[in-house]
Structure formats: structure tokens, C-alpha cells
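Each remark here refers to the structure printed beneath this line.
The values are calculated or read from the model by the stated rules, or taken from the named source; none is laboratory data. The structure displayed is predicted, hence computed values, not measured ones. In this analysis, Cβ positions are derived from the backbone assuming ideal geometry, glycine residues included, and neighbour counts consider all displayed protein chains. Calculation scope for accessible area: heavy atoms of the full protein, side chains included, ligands and nucleic acids excluded. Shrake-Rupley method; radii C 1.70, N 1.55, O 1.52, S 1.80 Å.
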Amino acid sequence: MTKRIKSAEYLSDFESIFKCPICDSSMKVFETKSLICTNNHTFDFTKHGYINLTTHPIKTKYSKALFEARRRLIAGDGFFESLSQTIAEIINKHVGVKKGTISLIDMGCGEGSHLSNICDIVSSDYKKTVTGVGIDISKEGILVASKNYTNKIWAVADLANTPFKDKQFDVILNILSPSNYAEFNRLLKADGLVVKVVPQSGYLKELREVIFDEPKKQSYCNVDTVERFNENFQVVDSSRLCYTVTLDKSSIQSLIQMTPLSWATTEKYGQSFSEGDSAQITVDLEILIGKK
Ligand SMILES: C[S@@+](CC[C@H](N)C(=O)[O-])C[C@H]1O[C@@H](n2cnc3c(N)ncnc32)[C@H](O)[C@@H]1O
Ligand SMILES: [Zn+2]
């Protein structure tokens with residue numbers, strides 16, 4: 001069975017969550033080939049099994065190489081392993097104790113490793129049945145996700161205008177990505193949970209110290225982001241996660257490639273940072289946990 005057919009069959013069990021991005025009507029999987037609405041707007045599954053539900057082509061700055069580097073670091077080097085563990089625990093504590101089956105959407109999922117890791121932990125450690133949906137506006141990210149992770153729904157879509165009906169998800173994940181709180185509120189079930197991850201002051205500080213001359217660019221300030229989250233959701237918990245990871249030379253290269261920080265740099269800076277054999281890198285994140 002081809003990957004396209006497998007994905008179409010998998011998605012057909014969940015077709016009722018979709019709405020047409022053009023006319024808002026219900027959608028169905030047609031001949032394991034397309035997702036089609038009642039007004040015949042048709043979106044084909046690609047050969048890797050993802051579906052593009054945007055209505056016009058969108059070019060983003062994120063390249064396939066960036067997502068592949070991100071995948072090497074997350075899936076290969078376990079760079080965000082503690083983050084996945086912590087988020088899985090949060091999901092179990094706030095949702096899992098009440099439900100055996102959990103629907104999860106990652107908004108701005110990139111190359112999909114966070115969603116895949118979190119779903120794996122929630123199902124293996126907490127014995128829950130999890131449905132994972134990952135959306136990103138970047139086709140390159142969704143392509144890498146669908147190539148590597150099966151039994152998930154991967155779609156190219158704008159998180160500000162998603163192709164899903166109201167109140168379909170128990171958990172919305174939003175990791176180091178932009179947000180649209182009106183849309184998050186629309187998609188979330190009445191008792192659902194939003195888990196947003198934002199960088200904190202020490203995040204990748206070793207990399208930023210090398211890249212930026214100006215001190216103010218050397219640290220993150222997320223006061224506005226946290227305030228906006230608090231205005232939109234009832235904050236039930238928050239958690240600061242700070243740890244260091246030792247990376248070898250090739251992983252440092254992946255780190256430089258995986259982060260949009262490197263867009264601001266020059267070859268020279270990138271090289272000077274990666275000349276050492278290994279480096280300690282700080283991961284400093286805040287996890288915001290909200291309900292409606
Ligand atoms: C820094 S990356 C984080 C990706 C992933 N969550 C991770 O941590 O590896 C930000 C992501 O947000 C996505 N993004 C930006 N604007 C978006 C939008 N309007 N809708 C969906 N995704 C968006 C980008 O394409 C990119 O993959
Ligand atoms: Zn339609």
C-alpha cells in the first residue's frame with residue numbers, strides 16, 4: 001500500500017473534524033486520493049501522505065535544510081527531550097486523568113518531531129489513545145514531517161485560519177511558533193488545554209552571544225507574549241524549563257542551521273562558533289498552560 005493511500009485511509013477516520021478552507025462545508029476522503037467538500041472543492045493527498053489545505057501558494061523563509069537540521073537535533077540528539085516529557089506530563093495531569101482518548105493539534109508544528117515525541121510518550125507512559133494533527137504554513141516542514149512520521153495527520157495550513165470545525169481538540173500545542181488566540185479558542189473543546197512554549201532569557205544564549213554584537217539582541221524578552229496569553233486564557237499553570245545539552249561538532253552545525261537566528265549572522269560568525277569540538281548549549285523555556 002502506498003503512503004498516500006495509507007494516509008488517506010488513516011485520515012478518513014477523522015474526516016468529520018475538517019471543514020473546507022474555501023466554503024466552510026464538510027469534507028470527505030474520496031477514493032483514497034483527495035479530501036473533497038460538499039461543493040466539490042478538492043485537495044489531493046501528496047505521495048508522502050500530507051495534504052495541502054491552503055488556498056494560495058505561500059512562500060516562507062524556512063527551508064527544507066532548516067527543518068532537516070531541526071529534526072536531527074530533536075529526534076537524533078534529544079535536544080528537547082525534557083520538553084516532550086514535561087508536556088506529556090502536563091497533558092496527562094490536566095486532560096488524561098479525565099479522558100482515555102485525546103485529540104491533539106500542534107499549531108506551527110514545523111518538521112513534526114515535537115508532536116510525534118509527545119504523542120508517543122502520552123500513549124506509552126500514560127496509556128492513552130492519541131490522535132495527533134500537525135499543521136504548518138511551510139510545505140517544507142510538513143514534507144519532512146510526513147516523510148518521517150506515520151499515523152498522524154499532516155497538513156499545510158495557516159494557523160490563523162485553520163480547516164477544522166469548531167471545538168475539535170482536547171489539546172492545542174504551540175511550540176516556539178506564532179499564535180492566533182481567536183482561532184485557538186474556536187478549535188478548543190470547552191474543557192480543552194492550550195500549551196504554549198516560549199523562549200526565556202537564557203535560550204540558546206551561547207549561540208546568540210556569538211551571533212549578535214548588540215547586547216539587547218542577546219536575550220529574549222517575552223513579557224508581551226506572556227501578557228497576551230494571560231488575557232486570552234485562564235492560566236492554570238506555568239512552568240520554566242532550563243537545562244544544558246552538550247553538542248558535538250556536527251550537532252553544533254545542525255543547531256546553527258536549525259535556528260532562524262542564523263539568518264541574521266554571517267558565515268564568519270557561524271564558523272567561529274562551530275570551530276570548537278563540543279559546546280554546552282542552554283535550553284531555557286517557559287511553558288504556559290491555559291484553559292478557556
Ligand atoms: C521556530 S519554528 C518552530 C517549529 C516547531 N514548532 C519546532 O519547535 O520545531 C516556527 C514555525 O511556525 C511556522 N509558522 C509561522 N507562521 C505560521 C502560520 N501563520 N501558520 C502556521 N505555521 C506558521 C513556521 O513555518 C515554522 O515552522
Ligand atoms: Zn468547499
key: Point-to-point label distance, Asp224-Lys3, nm (Cα→Cβ direction, 7 Å offset)   = 3.9
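First compute the accessible area of the range 50-291 with a 1.4 Å probe, then give the percent of it belonging to carbon and sulfur atoms.
Numbers: 4880 of 10360 Å².
Exposed carbon and sulfur together represent 47 percent of the surface.
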Solvent-accessible area per residue, Å², over the chain with all protein chains present [probe radius 1.4 Å] = 45
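Once R0 is set to 51 Å, what does the formula 1/(1 + (r/R0)^6) return for the Cβ-Cβ distance between Ser250 and Thr38, expressed as a FRET efficiency to the nearest 0.05?
Numbers: r = 51 Å, r/R0 = 0.99.
Efficiency, from the Cβ-Cβ distance: 0.50.
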query = Rounded if a/c is under 1.5, else prolate if a/b is larger than b/c, else oblate: which is the range 1-144, with a ≥ b ≥ c the root eigenvalues of its Cα gyration tensor?
reply = oblate
request  = Among Thr38, Pro21, Met1, flag the residue with its Cα farthest along the positive direction of the charge dipole of the range 1-48, charges on Cβ as +1 for Lys/Arg and -1 for Asp/Glu.
outcome  = Met1
remark   = Note: the range 98-157, point scatterers on Cα, Debye, no solvent; log10 I/I(0) at q = 0.12, 0.21, 0.26, 0.27 Å⁻¹ equals -0.26, -0.71, -0.98, -1.03
request  = Could you tell me how many degrees, from 0 to 90 and to the nearest 10, lie between the Cα long axis of helix 113-126 and the main elongation axis, the longest principal axis, of the Cα atoms of the chain?
outcome  = 70
ask   = In degrees from 0 to 90, rounded to the nearest 10, what is the angle of the helix 249-258 Cα long axis to the longest principal axis of the chain?
value = 50
Under 18 Å from Lys167, Cα to Cα: aspartates and glutamates that are on another chain or at least 8 residues apart = Asp13, Glu15, Asp24, Asp106, Asp158, Glu183, Asp191
query = When the helices in the chain are scored as -39500 (n - 2.57) per DSSP H run of 4 or longer and the sum is shared across all residues, what 222 nm value do you end up with, to the nearest 500 deg cm²/dmol?
reply = -9500 deg cm²/dmol
task = Using amide H atoms built 1.01 Å from N in the peptide plane, name the residues 5+ places from Lys165, or on other chains, whose amide H lies under 5 Å from its own.
result = Phe18, Lys19
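From Cα pairs below 8 angstrom and at least 6 apart in sequence, can you work out the relative contact order of the chain, rounded to a whole percent?
Details: 575 pairs, mean separation 51.6, N = 292.
Averaging sequence separation for qualifying contacts and normalising by length gives 18 percent for the chain.
Hey, got the dipole for the chain? About the Cα centre, +1 on K and R Cβ, -1 on D and E Cβ, debye to the nearest 20? All intermediate terms of the calculation are to be shown ahead of the outcome.
Details: 36 positive and 35 negative charges, 163 e Å.
With only Lys, Arg, Asp and Glu charged at Cβ, the dipole is about 780 debye.
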query = Where the centre of each part is set by its Cα atoms, how far does the range 153-214 sit from the range 36-72, in angstrom?
reply = 18
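For each pair in Lys3/Lys93; Lys99/Lys292; Lys128/Lys249; Lys139/Lys249; Lys3/Lys128, compute the distance between the two Cα atoms and list the pairs where it is over 27 Å.
Numbers: Lys3/Lys93 34 Å; Lys99/Lys292 18 Å; Lys128/Lys249 38 Å; Lys139/Lys249 29 Å; Lys3/Lys128 25 Å.
Result: Lys3/Lys93; Lys128/Lys249; Lys139/Lys249 exceed 27 Å.
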task = Determine the relative contact order of the range 1-158: mean sequence separation of Cα pairs under 8 Å and six or more apart, normalised by residue count, in whole percent.
result = 23
note = In degrees rounded to 10, the 0-90 angle between helix 223-232 Cα long axis and the longest Cα principal axis of the chain is 20
task = Using Cα pairs closer than 8 Å and at least 6 residues apart in sequence, work out the relative contact order for the range 1-48, in percent.
result = 36
message = Please check: in the Gaussian network model of the chain (C-alpha springs, under 10 Å), which one of Glu68, Glu31, Glu111 has the largest mean-square fluctuation.
response = Glu31
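If you average over every viewing direction, what projected area does the convex hull of the Cα atoms of the range 1-48 give, in nm²? Walk me through the numbers on the way to the answer.
Values: hull surface 12.2 nm².
Mean projected area for the range 1-48: 3.0 nm², to one decimal.
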note = For the range 1-139, percent of DSSP beta bridges that are antiparallel (nearest 5) comes out at 55
ask   = Given H placed 1.01 Å from N in the peptide plane, which residues other than close sequence neighbours of Ser103 have an amide H under 5 Å from its amide H?
value = Thr131, Asp170, Val171
